[in-house]
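> My structure is below; once you've seen it, I'll send some questions.
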Amino acid sequence: MALHDIRQPSDLRELSYAELSDLAGEVRDFIVQAVAENAGHLGSNLGAVELTLALHRVFDSPTDAILWDTGHQAYVHKMVTGRQASFESLRQAGGLSGYPNREESPHDYIENSHASTVLSYAYGLAVARDAGTDSHRHIVAVIGDGSMTGGMAYEALNNIGHSNQRVIIVLNDNGRSYAPTISNLTAGPTIREEAIADHPSLPDRITEKLSHSLTNIRLNPVYVRRQRRLEQFLRDLPYVGPQAEKGVEAFKAAVREFLQPPSFFEALGVRYVGPVDGHDVEALEHSLRNAIELSAEGPIVVHVLTQKGRGYSPAEDDDEKHLHDAPVFDPMVGPPPAVVTGYTQAFAEGIIKEAEADPRVVAITAAMAGPTGLLPFQARFPDRFFDVGIAEQHAVTGAAGMAMGGLRPVVAIYSTFLNRAWDQVVYDVAMHRLPVVFCLDRAGITGPDGASHHGMYDMALLAKVPGMRVLAPSSAEELQAMLHESIALADEGPVAIRWPRGAAVHVSEHEVGTGLLARRTREGDGTVALLAVGKMLADAQKAAELLAASGIDATVWDVRSCAPLDPAMITDAARHGGVVTIEDGIRDGGIGMTIADQVRAVSAAVPVKVLGLPARFIPQGSADRILSQLGLDAPGIATAARDLLAR
């Protein structure tokens, strides 16, 4: 059966294992072609092909809930649940989402594009099922691609084990998140294992054989039932029962410690089996079917080993990220080497300069060294670079500790992911007035990754934190100047610098501001003032030209410092006949609202029009198109100014 004949999961169950192998090859070719045409997540999906096929052959979705964490490994799941034809619009406006999407299919339960949450969802669904309010039979949580480095996953795992919820956890261990996974739970080879891989000794061969045999035994429900009877028999022995039972448990623990990965899961009350070859459909099905029977007694983890980027040589050969994500590319040759550009490149260059000048400067990231531009820093200062895994809360409080100890930590993180560490920003950093610099990439509308990845909230939230300074550069040169000044500004407390995805404007040294001051880039006749935040300055300047063509001479300000606002800018704005503020952050409670309050405090009669992002989830699409639709481009700004003056 060819790939185009797979319209629903039940179609997979008719195939032989030989046919499944051929199908897996077709699936990989399809994924490479789809991502080559539309960009998207490549390596993680290439590694999850056989696992997805096995899951949908063993479980009956959507009666059985298959939950994905992270959601970017679910392309194959989308393909076998009837959405192949939609891949031509992958990540496009109005098209197929790059993540599970509840509006697309009943097979998608959670729109999970932020990591480490699936076990909490699974716990909640299991509680609802057992309460009789949910009809799902089995709850299957697929967690991988670095998600087990996030603290929330461990909180949920502890709760699942303690409450003995009947959840089947599939740990998709590819040793990677975006980059190599920062965790001791992955089953990547040790130095010794690599050394003996080609020439294993007799003891090593025996150990490996025993390990696989033990996994097979522990997956056998007959063995489990007999084990339970033996434990009960020992427990009931007169006088020595408890000691005999403890002795057997100690022996089992010793065997597990020798032959298996550390018995971490079982210490939390979650049965562990594995590792299982994640590219052997037959072995996967055997393990999953036995896991179903064993889950009647409580939660179980099936540890699956997969290769990120499998079957596509450019992905297999990519040492940094196995083509975790890729731009549009020629599938015959693969994507060009990933390089940072725009604002991210400016940051990459700037932080190295600061670290060369100040030995206190250290860099912290949460599994995103490449995308945030920190790989050159890591190469230059390996002892001053810290990747903590997908653990934003830990990254922020870890930075607080470093700052307490005299360092100047720079936390480089996506704007949307900083939301996960809000408590830590407020109470662990700001309340202690610690010298931490937050560098927020992908702020504002990010485009094809959709609602979960737009950096909408950073300015509105951070500007409300006591003592926090919030800066928004309008050019690459402004970013580097702000980073340099932030190291000194941090003496009085934390600083946040936020910038957008994509190309950066370049300006001369005479077009760069200083400190916490705004910069007037165009002086008008007092009719209207346009106050623009960050990247929106370019559109505000174009809007001023459009207005000039219709006889309106606008003043333009580069806000630069969103918190605190420059009093000179507020005073100047208040002398105009109207004020328009422009930001690519959420409008309600945002920087424009604060500007309006301060302008009215100077002159209550001045009308202020606040432009920003609406308080709703914005789907994927081109960033420029989205901003245009929201009136956050030059024509939209010019129209808002005319309407304001007309009133």
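Every read-out reported here was derived from the displayed coordinates using simple, explicitly stated rules and does not represent laboratory data. Bear in mind that the values here come from a model prediction, so they are computed numbers and not experimental data. Don't worry about glycine lacking a Cβ; one is built from the backbone with ideal geometry, like all the others, and counts go over all protein chains shown.
> Taking the Kirkwood radius as the inverse of the mean 1/r across Cα pairs, report the Rg/Rh of the stretch 520-646. Intermediate results must be reported in sequence, preceding the final value.
Working: Rg = 13.5 Å, Rh = 14.3 Å.
On the Cα set of the stretch 520-646, Rg over Rh gives 0.94.
> Which residues make up the longest stretch of the chain clear of chymotrypsin sites (Phe, Trp or Tyr not before Pro) that lie in a DSSP loop with no more than 15 other Cβ atoms within 10 Å, not counting the sites?
Values: sites that count: Tyr239, Phe617.
Maximal segment without exposed cleavage sites: 240-616.
> With all distinct Cα pairs included, what does the Kirkwood hydrodynamic radius of the stretch 342-498 come out to in Å, to one decimal, could you say?
On the way: mean 1/r = 0.0663 Å⁻¹.
Over the stretch 342-498, the inverse of the mean reciprocal pair distance is 15.1 Å.
> Over the stretch 342-498, what is the relative contact order in whole percent, taking alpha-carbon pairs under 8 Å and six or more residues apart?
Numbers: 293 pairs, mean separation 37.5, N = 157.
Reported relative contact order: 24 percent.
> Bin width 10 Å, origin at 0, all Cα-Cα pairs of the chain: what percent of pairs per bin?
P(r) for the chain, in whole percents per bin: 3, 15, 23, 22, 18, 11, 5, 2, 1, 0, 0.
> Oh, and also: Roughly how tilted is helix 49-58, in degrees to the nearest 10 and between 0 and 90, from the longest Cα axis of the chain?
Relative to the chain, helix 49-58 is tipped by roughly 60 degrees.
> Using the alpha-carbon atoms, what tilt in degrees (0 to 90, nearest 10) does helix 591-602 show relative to the longest principal axis of the chain?
30
> Return the whole-Å distance between the Cα centroid of the stretch 1-69 and the Cα centroid of the stretch 308-334.
Result: 18 Å between the Cα centres.
> To the nearest 20 debye, what charge dipole does the chain have about its Cα centre, counting +1 at the Cβ of each Lys and Arg and -1 at the Cβ of each Asp and Glu? Display every interim value, and only then the final one.
On the way: 55 positive and 80 negative charges, 304 e Å.
The dipole magnitude comes to about 1460 debye.
> Where the centre of each part is set by its Cα atoms, how far does the stretch 606-647 sit from the stretch 142-170, in angstrom?
42
> Round to a whole angstrom and tell me the spacing of the C-alpha centers of the stretch 408-472 and the stretch 104-131.
27
> Shape verdict for the stretch 466-588, please, from the Cα gyration tensor: rounded (a/c under 1.5), prolate (a/b greater than b/c) or oblate. Please list the in-between numbers first.
Working: a/c = 1.97, a/b = 1.57, b/c = 1.26.
Taking the square roots of the gyration eigenvalues as a ≥ b ≥ c, the stretch 466-588 is prolate.
> Among all lysine pairs in the chain that are eight or more places apart or on different chains, how many have alpha carbons less than 19 angstrom apart?
Lysine pairs meeting both conditions in the chain amount to 5.
> Between 0 and 90 degrees, rounded to the nearest ten: what's the tilt of helix 202-219 against the longest Cα principal axis of the chain?
Once rounded, the angle reads 90 degrees.
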